[in-house]
Amino acid sequence: STQLPGADSRKSRYSALLPGGDGGRGAAVLSGGHWDGTLCVSSEAGRTLHAAVQHSRTITCLAVSGALLITGAEDTTAVLWFLAPPSVPKHTTVPQPLRALRGHVREISAVAVSAHLDLAASGAVDGRVLLHTCHNGALVRSITHPEGATIGHLHIASLPHRLLVGAAATSEGRLRVYSL
């Protein structure tokens, strides 16, 4: 069966722009959402510069902080990546997988990462949020949304060390804040 591309409103959850695209000019586009679980690095013109597979199903969300990238997927895993500096002669940022972060039993719907705090967060459709360290992947904390709502938004604030969690439903209208 053929998977159609996601709606435009969902595409922002699994794409990001990085400086230094094709030949060091412009920007590189990181994208998930591909049926085969591929993370693609493309030029602004749409030319694929690099492709990497670490997920067995579609990447549903990604986030970048400094040289760290985190992806979440339908396969219930989050993968932490190192964004290597642009390589010579291609001048292309190449994501290198560091480790898989496990513990979810449902599709991951939101991710966040903070290179400064060495923390990665992943949220799933069952309302569960897992907080891991970046340097070794150790599980630090598990939080469950009080209503079990699908996690739609995650953000790790370096100052004042907070995790912000929002539900995917627009009718929810609340942002929950947790101290780290």
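Tabulated data for the structure shown
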{"quantity": "Residue within the range 116-125 that is farther than 18 Å from residue 176 by Cβ, out of contact with any Asp or Glu (no Cβ under 9 Å at 6 or more places or on another chain), open to solvent by less than 20 Å² (accessible area, probe 1.4 Å) and assigned to a loop (DSSP other than H, G, I, E, B) present", "calculated": "no"}
{"quantity": "Pairs with Cβ under 6 Å, 6+ apart, first in the range 47-70 and in contact (Cβ under 8 Å) with a residue 40 or more places away in the chain and more than 23 Å from residue 136 (Cβ to Cβ), second basic (Lys, Arg) and in a strand (DSSP E or B)", "calculated": "none"}
{"quantity": "Residue among 100, 115, 138, 110 that is in contact (Cβ under 8 Å) with a residue 60 or more places away in the chain and in contact with a strand residue (DSSP E or B) (Cβ under 9 Å, 6 or more places away or on another chain)", "calculated": "110"}
{"quantity": "Odd one out for residue 157, checked against (1) under 17 Å from the mean Cα position of the chain (by Cα); (2) open to solvent by 70 Å² or more (accessible area, probe 1.4 Å)", "calculated": "(2)"}
{"quantity": "Lone qualifier among 168, 110 - being at pLDDT below 90, touching a Gly at 6+ places or on another chain (Cβ under 9 Å) and open to solvent by less than 70 Å² (accessible area, probe 1.4 Å)", "calculated": "168"}
{"quantity": "Per-region count, the range 15-47, residues at pLDDT 85 or above, assigned to a strand (DSSP E or B) and surrounded by fewer than 17 Cβ atoms within 10 Å (Cβ to Cβ)", "calculated": "0"}
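The values are calculated or read from the model by the stated rules, or taken from the named source; none is laboratory data. Remember, it's a predicted structure, so these values are computed and weren't measured experimentally. With ideal geometry, Cβ positions are generated from the backbone for all residues, glycine too; neighbour counts draw on all protein chains shown. Note: areas computed on protein heavy atoms with side chains; ligands, DNA, RNA excluded. Shrake-Rupley method; radii C 1.70, N 1.55, O 1.52, S 1.80 Å.
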